1. Identify all aspartates and glutamates with a Cα-Cα distance to residue 84 below 19 Å; exclude those on the same chain that are fewer than 8 residues away in sequence.
2. At most 15 other Cβ atoms within 10 Å plus a DSSP loop assignment makes a site exposed; report the longest stretch of the chain without any exposed GluC sites (Glu not before Pro).
3. State in Å² the accessible area per residue of the range 1-42; use a 1.4 Å probe, count heavy atoms of protein chains only, and round to the nearest integer.
4. Give me the orientation-averaged projected area of the Cα convex hull of the range 1-51, in nm², one decimal.
5. Extent of the chain along each principal axis, from alpha carbon coordinates, in Å, largest to smallest?
6. In the chain, once you exclude exposed trypsin sites (Lys or Arg not before Pro) (DSSP loop, at most 11 other Cβ within 10 angstrom), what's the longest stretch remaining?
7. What distance in nm lies between label points placed 7 Å from Cα along the C-beta direction at residue 12 and residue 53?
Amino acid sequence: SSHRIRITLTSRNLKSLEKVCTDLIMGAKQKELHVTGPVRLPNKNLKITTRKTPCGEGSKTWDRFEMKIHKRVIDLKSPSETVKQITSISIEPGVEVEVTIADS
């Protein structure tokens, strides 16, 4: 009984996200699973513009801060036991992994 499995990876750090992606795909390819992806979804750019001064005096200088959240989706076709083995690889800090399983 093989399942359609979607692994969603989100992170602020692009390098570690790509590393986890390649690790997952290498693991799946070694098990000879059917892999689709990684599909790169649009980034979320969270922006905050704030005054530099805490008190409101002085020249009106502004700071712009921005946090980018990158997202990748990988689709697998496999039994759910093998997914446990694949996703048990060392996942970099700062990368969130979400696994959804649909019966096919």
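The values are calculated or read from the model by the stated rules, or taken from the named source; none is laboratory data. Model, not experiment: these values are computed from the prediction. So basically every Cβ, Gly included, is an ideal-geometry build from the backbone, and we count neighbours across all protein chains shown. Accessible surface is based on the protein model in full, side chains and every heavy atom, while ligands, DNA and RNA are left aside. Shrake-Rupley method; radii C 1.70, N 1.55, O 1.52, S 1.80 Å.
1. 23, 32, 75, 92, 96, 98, 103
2. Working: sites that count: 32, 57.
That would be 58-104.
3. On the way: 2680 Å² over 42 residues.
Per-residue accessible area for the range 1-42 comes out at 64 Å².
4. Values: hull surface 19.3 nm².
Directional mean of the projected Cα hull area for the range 1-51 stands at 4.8 nm².
5. Cα extents, longest axis first: 67, 24, 17 Å.
6. Values: sites that count: 52, 60.
Value returned for the longest uninterrupted segment is 1-51.
7. That separation, rounded to one decimal, is 2.9 nm.
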